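Have a look at the structure below, then the notes.
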Amino acid sequence: MSDAPVVELPVVELPVVELPVVELIDVQKWYGAFHVLKDVNLSVKKGEKVVVCGPSGSGKSTMIRCVNRLEEHQAGRILVNNIELADDLKAIDAIRKDVGMVFQSFNLFPHLTVLQNLTLAPTWVKHVPKKEAEDLAMQLLERVRIPDQAKKFPGQLSGGQQQRVAIARALAMKPSIMLFDEPTSALDPEMVKEVLDVMIELAGEGMTMICVTHEMGFARAVADTMVFMAEGRVIEMAPPEQFFSDPKSERTRQFLGQIIGH
Amino acid sequence: MIKPEDDIHAATAAADVEEPSSAVVPETPLWKPLGWAKSNLFDSVPNTILTLLALFLLWETIPPLLSWGLFHATWSVADGSAAACRDSAGACWALMGEKNRLMLFGVYPYDQHWRPLLATCIVIAMLATSAPRRFWRRELGYAWGVAVVVVAWLMWGGILGLPYVETGLWGGLPLTMGLALLGIVLAFPLSIVLALGRRSNLPAIKAICTGYIELVRGVPLVSVLFMASVMFPLFLPEGVTIDKLLRALAGITLFTAAYLAEAVRGGLQAIPRGQEEAADALGLPYWRKMRLIVLPQALRLVIPPIVNQFISCFKDTSLVTIVGLYDLLAASKAALADPEWRPYFVEGYVIAAAIYWVFCFSMSRYSQWLERQLATGHRR
Ligand SMILES: Nc1ncnc2c1ncn2[C@@H]1O[C@H](COP(=O)(O)OP(=O)(O)O)[C@@H](O)[C@H]1O
Ligand SMILES: [Mg+2]
């Protein structure tokens, strides 16, 4: 019964549509009367690494904190995984489960051991069984190269070790997007590398990353897109080759001159 | 050959020689206290005057107190008569032996005194068991559950062969302990809710909590107790009455909670914003965030003011006497109604004060110990 004529279907070249996983559209934010974010537009594709730089007070932190709703925007739209961030608490919860964040000042929980820091959210938010959460935590600690510190309290670790624990803590929720807000700015110079190495490794594994940093070596190594912000605006957005060699805006050029100059 | 002692002497001598700048160089141990006194108590004219004045006051008060309280005190009397006390110039501690049951248990039926005694012992034993941190487990919670049922059965009776005793007859130490403990246990969670509410972003909740705290902190406990016992029943439907003891307990709880809330809020304010942000970023819902991250850190910072409030609460229970309850202090006073023993009311109050002191001092020491326990491990 298989003598039905074989129909030759025409092969259609479908364009590969890559939906952005994070999208900011005309985002505006005010602190009281102070206009912090002005018409911010940003689109991040799956697996893309975006590095954001700009002078202090330009709104970089505010922007990435809007992505997981640590700050509220007042106008425009923010979509994460195609879910709009609005007052819907369910949506916020869903987004936070999938977006990890690493802070400048680590913000580890000082009353919990390193291991407990890592297992807390998986057990209480995702209801992962304790044993499983601990196994995952140990794997992650190995990945950030401090498995031997699991039983210590954060206060007993060096800054670099603490930040690596903070990265592991965020990864324990198995996020698909990671936000970094100046993860190495609070570190002594000799500890910057150990943290950046972990981040470079993470980038190599295909994690979607938005990273505020002034480590331009790191930016050159991992960034797909460079973003320069000043006074609440995105002034320039370009691939790193172009961004570093031929910035379009004078402000970017000045800024790069300042931070690379010395 | 050099003997070891010589070595040590030589070393000590060398050390002495090398310290000429020190104000007091102790030559021999005998001179040490004198040297200390000279440099601390008599080093200037005003200091010398103050020292002499203090010595004079001590001389005037301590010997008479010792003579009254110890050397000339009557410790026991024959056949329940205060005659022996009347003949002596000292304190009449025999009162304790004669009236202890009235002081400790008030008007609880005399032949049933073993019940509040046993109940009190159970509670004290449970408190002692709960003190060490290693016992803070689920089983302890179950044990408390059983203890509460047993204590309630002992105090009320009415079933399983114990005659019923209404709460109006409860008194003395069990009443004070019960009011204080339950007041604290109930006020504590309420105070946490109030403190969190006062920091809430929701204006209505914030206004309610702030208003409540400020209102209650602005009035004396006496008036709260009066309101709880007099005004509360006015709002209840006809025929419904609430136990007098329960009303007093509600008053104490509501009052203590307002003060505790401010202590808790102090702790909350000391926790950096980043802690909450990290918890938020991990997706912890509000109450989990508070219970697992913020409160454990905030509360251990404010153990001293919290225990301060517990101690206040314990002593404030003595005010329930104004709504007709016989707490430890009131029961002690009532025990002295007997004309034969009435002259020894000072002894009665000293004894009651000593009992209060034992409890409050224990709480204070325990809090210091607990603070040290909880501080280990995460010091920077
Ligand atoms: N909670 C706040 N209230 C008022 N102003 C704020 C607040 N947070 C940040 N700002 C202001 O917003 C601006 C942008 O801050 P931020 O995003 O932290 O800058 P960046 O991270 O680029 O240094 C700064 O001028 C800062 O002073
Ligand atoms: Mg910043």
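How do the pairs read when you match residues in the range A:47-76 that are more than 18 Å from A:D26 (Cβ to Cβ) with residues anywhere that are near ligand 1 (Cβ under 9 Å from one of its atoms) and part of a helix (DSSP H, G or I), using Cβ under 8 Å and keeping only pairs 6 or more apart or on different chains? So the pair list comes out as A:C53/A:K60; A:G54/A:K60. Across the range A:87-96, not a single residue is classified as surrounded by fewer than 20 Cβ atoms within 10 Å (Cβ to Cβ), within 16 Å of ligand 2 (Cβ to nearest atom) and over 29 Å from A:A238 (Cβ atoms). When the range A:28-48 is filtered for residues that are acidic (D, E) and either in contact with a helix residue (DSSP H, G or I) (Cβ under 7 Å, 6 or more places away or on another chain) or surrounded by 15 or more Cβ atoms within 10 Å (Cβ to Cβ) (or both), only A:E48 remains.
Restricting the first member to the range B:274-299 and to residues that are more than 14 Å from A:N107 (Cβ to Cβ) and facing another protein chain (nearest Cβ under 8 Å), and the second to residues that are of a type in the set (K, R) and not in a helix (DSSP H, G or I), the beta-carbon pairs closer than 9 Å and six or more apart or on different chains are B:G283/A:K126. The requirement of being within 14 Å of another protein chain (Cβ to nearest Cβ), within 16 Å of ligand 2 (Cβ to nearest atom), buried (at least 22 other Cβ atoms within 10 Å of the Cβ) and under 18 Å from the mean Cα position of the chain (by Cα) is fulfilled nowhere in the range A:143-162; no residue meets it. Scanning the range B:297-349 for residues that are under 30 Å from B:G266 (Cα atoms), touching an Asp or Glu at 6+ places or on another chain (Cβ under 8 Å) and surrounded by fewer than 22 Cβ atoms within 10 Å (Cβ to Cβ) gives B:R300, B:I303, B:P304, B:S318. Note on the range A:166-262: enclosed strands (runs of 3 or more DSSP E) holding 1 or more residues that are within 14 Å of chain B (Cβ to nearest Cβ), in contact (Cβ under 8 Å) with a residue 40 or more places away in the chain and within 15 Å of ligand 1 (Cβ to nearest atom) are A:177-181, A:208-212.
The criterion of at least 2 residues that are modelled with pLDDT under 85 is met by the following helices (runs of 4 or more DSSP H) wholly inside the range B:1-104: B:4-17, B:31-40, B:83-86.
Just to be sure before I move on: is B:I242 within 28 Å of B:L374 (Cα to Cα) and surrounded by fewer than 22 Cβ atoms within 10 Å (Cβ to Cβ) in the structure I sent? Before you say what the answer is, go through the steps one by one.
Numbers: within 28 Å of B:L374 (Cα to Cα): no; surrounded by fewer than 22 Cβ atoms within 10 Å (Cβ to Cβ): yes.
Taking the combined requirement at face value, the residue does not satisfy it.
I'd like to check something: does the range A:183-192 contain any residue that is within 16 Å of ligand 2 (Cβ to nearest atom) and either crowded, with 22+ Cβ neighbours inside 10 Å or within 14 Å of the chain's Cα centre (by Cα) (or both)? Within the range A:183-192, one or more residues are within 16 Å of ligand 2 (Cβ to nearest atom) and either crowded, with 22+ Cβ neighbours inside 10 Å or within 14 Å of the chain's Cα centre (by Cα) (or both).
Scanning the range A:64-86 for residues that are within 16 Å of ligand 2 (Cβ to nearest atom) and within 13 Å of A:V22 (Cα to Cα) yields a count of 5.
For the residues B:T241, B:T256, the requirement of being polar (S, T, N, Q) and either free of Cβ contacts under 8 Å to residues at least 24 places away in the same chain or within 14 Å of chain A (Cβ to nearest Cβ) (or both) singles out B:T241. Within the range A:28-46, residues that are within 16 Å of A:R233 (Cβ to Cβ) have Cβ atoms under 7 Å from residues that are of a type in the set (S, T, N, Q) and within 16 Å of ligand 2 (Cβ to nearest atom) in these pairs: A:K29/A:T62; A:V36/A:T62; A:L37/A:T62, counting only partners at least 6 apart in sequence or on another chain.
Considered as a group, the residues in the range A:58-86 that are charged (D, E, K, R) and more than 9 Å from every other protein chain (Cβ to nearest Cβ) include one that is surrounded by the most Cβ atoms within 10 Å (Cβ to Cβ), and that residue is A:K60.
When every residue of the range A:49-63 is checked against the conditions, none turns out to be more than 30 Å from A:M191 (Cβ to Cβ) and away from ligand 2 (no atom under 16 Å from the Cβ).
Evaluating B:E60 against the criteria (1) surrounded by 14 or more Cβ atoms within 10 Å (Cβ to Cβ); (2) over 25 Å from B:R342 (Cα atoms); (3) out of contact with any helix residue (DSSP H, G or I) (no Cβ under 9 Å at 6 or more places or on another chain) leaves one unmet condition, (1).
This table checks each residue for (1) touching a residue at least 60 places away in the same chain (Cβ under 8 Å); (2) farther than 23 Å from B:L295 by Cα; (3) outside the structural domain of B:A250 (by TED's automatic domain parsing).
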site	(1), (2), (3)
B:L196	yes, no, no
B:A204	no, no, no
B:A207	no, no, no
B:T210	no, no, no
B:I213	no, no, no
B:V216	no, yes, no
B:V219	no, yes, no
B:L225	yes, yes, no
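Test A:V51 against the stated conditions and say whether it is surrounded by fewer than 23 Cβ atoms within 10 Å (Cβ to Cβ), out of contact with any Phe, Trp or Tyr (no Cβ under 6 Å at 6 or more places or on another chain) and not in a loop (DSSP other than H, G, I, E, B).
On the way: surrounded by fewer than 23 Cβ atoms within 10 Å (Cβ to Cβ): no; out of contact with any Phe, Trp or Tyr (no Cβ under 6 Å at 6 or more places or on another chain): yes; not in a loop (DSSP other than H, G, I, E, B): yes.
In short, no.
Look at the range B:301-319: where a residue is free of Cβ contacts under 8 Å to residues at least 60 places away in the same chain, no partner that is outside any helix (DSSP H, G or I) and crowded, with 20+ Cβ neighbours inside 10 Å sits 6+ places away or on another chain with Cβ atoms under 9 Å. Of the residues making up the range A:87-136, those that are hydroxyl-bearing (S, T, Y) and facing chain B (nearest Cβ under 9 Å) are A:S105, A:T113.
The values are calculated or read from the model by the stated rules, or taken from the named source; none is laboratory data. Because the structure is predicted, anything quoted here is derived from the model rather than measured. Counting neighbours? That spans all protein chains shown, and the Cβs are built from the backbone with ideal geometry, glycine included.
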